[in-house]
1. Output the pairs from B:K94/B:K129; B:K56/B:K334; B:K241/B:K300; B:K4/B:K241; B:K56/B:K336; B:K31/B:K176 with a Cα-Cα distance over 26 Å in this structure; if there are none, say none.
2. Explain nothing, just the number: relative contact order of chain C, from Cα pairs under 8 Å at least 6 residues apart, as a whole percent.
3. Give the separation of the Cα centroids, region B:289-305 to region C:244-287, in Å.
4. Sorting check: for C:308-315, C:102-109, which peptide has the highest mean count of neighbouring beta carbons within 10 Å, and how do the rest follow?
5. Taking Cα centroids, how far is region B:1-75 from region C:1-77 in Å?
6. Within the set of other residues whose C-beta is less than 10 Å from the C-beta of C:K48, count the net charge using Lys and Arg as +1 and Asp and Glu as -1.
7. So if I average 1/r over every pair of distinct C-alpha atoms in region C:61-154 and take the inverse, what Kirkwood radius in Å does that give?
8. Please list log₁₀ I(q)/I(0) at q = 0.05, 0.06, 0.08 Å⁻¹ for the protein assembly as shown, using the Debye equation with identical point scatterers on the alpha-carbon positions.
Amino acid sequence: MTKYIIRRLLQTIPVLIGVSILVFSLMHLIPGDPAQIIAGEGAPEKTVEQIRERLGLNEPIHKQYLNYMSGVVQGDLGNSVRSGRPVVDEIKTRFWVTLELATYATILAVFIGLMAGIISAVRHYTFTDTAIMIVALFGLSMPNFWLGLVLIDWFAIGGDWLPAWAKLRPSGWGDSWRQVVLPVITLGTGGAAIIARMTRSSMLEVIGQDYIRTARAKGLTDRVITYRHALKNALIPVVTVVGLEFGGFLGGAVLTETIFAINGMGRLTVQAINTRDFPIVQGAVLVISVLFVFVNLIVDISYKLLNKRIDLG
Amino acid sequence: MEKKELLVVDGLKQYFPIKGGFLGRTVNHVKAVDDISFTIHEGETVSIVGESGCGKSTTGRAILRLEEPTEGKVVFNGEDLTKLPKGEMRKHRKDLQIIFQDPYASINPRQTVSDVLNEAMEIQKVVPKKERRDRIIELLETVGLNAAQADRYPHEFSGGQRQRIGIARALSVNPKLIICDEAVSALDVSIQAQVLNLLDELQDEYNLTYLFISHDLGVVRHISDRVIVMYVGKIVEIGDKHSIFDNPKHPYTKALLSAIPVPDPDRERNHIVLRGDVPSPIDPPSGCRFHTRCPFAQEKCRVDVPELVRHDGMQEGHEAACHFVEEIERGEVKPKELQVTTF
Amino acid sequence: MVETILDVRDLRTSFYTDEGEVKAVDGVSFSVPKGKTIGIVGESGSGKSITSLSILRLLASNGKVVGGEVRFKGDNLLAYSEKKMRSLRGNKISMIFQEPMTSLNPVFTVGQQISETLIEHQGMSKKAAMAKSVDLLKLVGIPSPDKRVKQYPYELSGGMRQRVMIAIALACNPEILIADEPTTALDVTIQAQILGLIRDLQQRMGMSVVLITHDLGVVAETCDYVAVMYAGQVVEYSDVRTLFRKPKHPYTVGLLKSLPRPDEDQEKLIPIHGTVPSPLHMPVGCRFNPRCPAATDLCREKLPDLFDDGEGNQVRCWIYNEQWPGEKEVDVFGEERTARC
Ligand SMILES: Nc1ncnc2c1ncn2[C@@H]1O[C@H](COP(=O)(O)OP(=O)(O)OP(=O)(O)O)[C@@H](O)[C@H]1O
Ligand SMILES: Nc1ncnc2c1ncn2[C@@H]1O[C@H](COP(=O)(O)OP(=O)(O)OP(=O)(O)O)[C@@H](O)[C@H]1O
Ligand code: SF4
Ligand SMILES: [Mg+2]
Ligand SMILES: [Mg+2]
């Protein structure tokens, strides 16, 4: 097992290098001269030259990459072109907001998804099952931004129950849970639906297994059979989905944050793109990608841990 | 009368690498078949028996080069198959056919029976196109099906009928040797008897040679001329049917035979109970591979690998790989703890 | 006369599928005398497993017992509440299954899976149950049981797993053990270990065993009574010696004649021609009539009952009834004359 973890860790190294190259080339993939683009159209040649100088854009490309990377390794992602502040500082505060949002969304998705999936599986082919699965299908097919807008319309504007705009505090969410609710629902619904469907099919498969028959032949109650014998096995494939969802939420936060005007990484990135603040875009994408890679790593390892007994059998 | 040697297997080894470690290096081998030799004569039926995982199927597959043997010779009709280039080998495939437990498991379910047979003949180019339809019908009738069934799909047949189709497919290319790997094991007794009888009749009619792989000793006794007993990749005893069943010499063969329940309520049978489980072919026991479970095992058994030898009181061609065949026979080597049971 | 502990009368179980009603079990009767072993034999799909699952009421959700009685010490189990039934399962009546590789839950240790039964039925504490589990593992002949209780099923071989299944089944000293092909998936040398073990434990604990198998050798050596099943019905029920010495039903006769024997040479096997009917298209009359060499018009029209011969043996065949239109001595499957009325 330790061997596996080490091997898996080593495997992330090339992935991370690949990611960094991709992120780095971002600036160079855009047609035209990045310095010119940053400076804006019609900017005087001198300004453009300054920018080029500041960003080291006149050096050979591999040198640029190495420079960038040596900075990254030391925790320096460059400076924002607009504010001049270090990118790391700009990102730091926003990062936690997004992480929190994604975490809450994951918790919501897991909680609702598991409940719905289990109920559906236990009552399969009944009305309850059908109803849950129809709702899940809705949840799945609803685009994020649309759900967000509908929620705002219903609860914030129409009902005035929950505030639509999370207080813009650089340090986080603001102090009321109510500000969190709508964005988390917006972000988590799709995931909940996926997890519900996954849990249901996984449970149904497990319920058909021989060892469930054994459990019934032992005279155990349905409760024990469902929650002890079946669920523990059924959760194994669900774990993967949960991990993927969490990763997805990090990316998906862009829309949600924009709609609810939350100052997270997503919003930061969008703003940076609008203002052509490439160092920020690079930094944000890099952080999210690295996080994604590590979430995947954790999922893989936990899956392996959970699955070990079956794997070798 | 000296019969013609059709297949000579000499020193055959089949090792499967086990990958592991950081870079997927080969860390060990499954020694599935480890240096076995035997001969099959034209027109006879030789069976391989033994417990699950002892290397029966691997032997069959290695003969056909479905997996490349690690070492050893497979001489068929005077020609060493292991030395042939791939293309040459394909031509020889028509002489060596194999029937599996469920032949249809490896067949496209959207092919009709006649498609299946047609394809087999097409590949081997044994029958001109025009005559194929007639040949298909003839084949189906040979195996006890009728012409009307030629255009049906696999799922429309019962297990026994599918096995007949598998036999028809093997026959379609006029083979000399047919390897039957658990070919009747999945069938119910009443159907199994039909297929066994069919195999019998076909053998007489076409002078076929069978290598019959099975773990059912009743079936083996019925169909075989000679029997090979395998244990963890090695042959422990070989001989004609009566020598093996009525005069077994190797302690494993004895235990194996005694373990079979016999359909006769009046016969009180003592079954020798072997301790423990079959060892893994990855790290087979040293010396005699049976020593970990053998009631007679001595120090020598742990160290020296026994050869197949014909001892006193054994028929021509009957050989056993045990150091103490004669001593056990004379009662000089006694079982340490011979546990017997009646069910 | 020994006391009958389980009496199954005219059991009928159906499955409701897209293609229609599958009468998987359709007239199964046999009784289990206390302390004895009865065998249920029959070919694949003849309804053996469904019979045993019906007894314990463990059918899949699309299956239903539609008729008959299952009397356990006089009480009809089919009338029990689910709760009462549950208190019986794994406690008074236990069951082991064919597939030792998949019948244990992969994510729990062996000890957890054994002690669960003890906690459920005997109200033991976790600790006491675990200690008893070790004893049970020892009882079923597993070496170093105190280590094994902590292991997961994947760490055990097939034979070991079947021993664990037996330990689970025997945990509460059941009065009846139903074993559905307990050794079919195992090698013969391991089969010998397991069958020896069951016989041993049966004698020690005085339980009755219902042994389901398709291996007539196993039946001959282990059973006291035998029920032969064909196409969802019991076609013959008798003591084991009678069954092998004087089989009555043409199907039983055919089965014995088509069996390749490991203990003696046979010139030729005499197969039963044709195939087992599909449960969706059962033949009218006797279900064996399309394959039976002795069949008459009566057989093709009317389903025979299980006729009793007055000695406790039963056979579902018209030959043994006064309505039989043919000769008194019937030649079934070649050489041997089987029937005497
Ligand atoms: N392609 C393969 N790669 C690795 N190991 C293999 C491979 N094929 C077979 N083995 C191993 O080789 C051994 C012999 O296998 P084989 O299939 O020949 O057994 P067998 O005697 O036919 O058993 P059975 O009665 O179960 O069919 C087994 O331990 C098996 O796991
Ligand atoms: N869930 C189900 N739905 C529909 N039909 C079923 C179901 N379970 C079993 N059957 C049918 O019931 C019949 C009897 O099955 P059963 O499992 O009792 O056979 P068996 O005698 O135990 O056979 P085997 O020797 O193969 O185990 C079969 O025809 C089978 O197809
Ligand atoms: S009732 Fe008729 S068809 Fe059925 S087994 Fe008896 S003789 Fe044969
Ligand atoms: Mg095999
Ligand atoms: Mg069954």
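Since every read-out is calculated from the coordinates, none of them should be taken as a lab result. Being a predicted model, the structure only gives us computed values, none of them experimental. With ideal geometry, Cβ positions are generated from the backbone for all residues, glycine too; neighbour counts draw on all protein chains shown.
1. B:K56/B:K334; B:K241/B:K300; B:K56/B:K336; B:K31/B:K176
2. Answer for chain C is 19 percent.
3. With region B:289-305 and region C:244-287 each reduced to a Cα centre, they are spaced 44 Å.
4. On the way: C:308-315: 15.1, C:102-109: 22.1.
The packing order, highest mean first, is C:102-109, C:308-315.
5. Each part's Cα centre sits 46 Å from the other's.
6. Numbers: positive: none; negative: C:E43, C:D180, C:E181.
Neighbour charge sum, excluding C:K48 itself: -3.
7. Hydrodynamic radius (Kirkwood, Cα only) of region C:61-154 equals 15.4 Å.
8. Results for the protein assembly as shown at q = 0.05, 0.06, 0.08 Å⁻¹ read -0.44, -0.62, -0.97.
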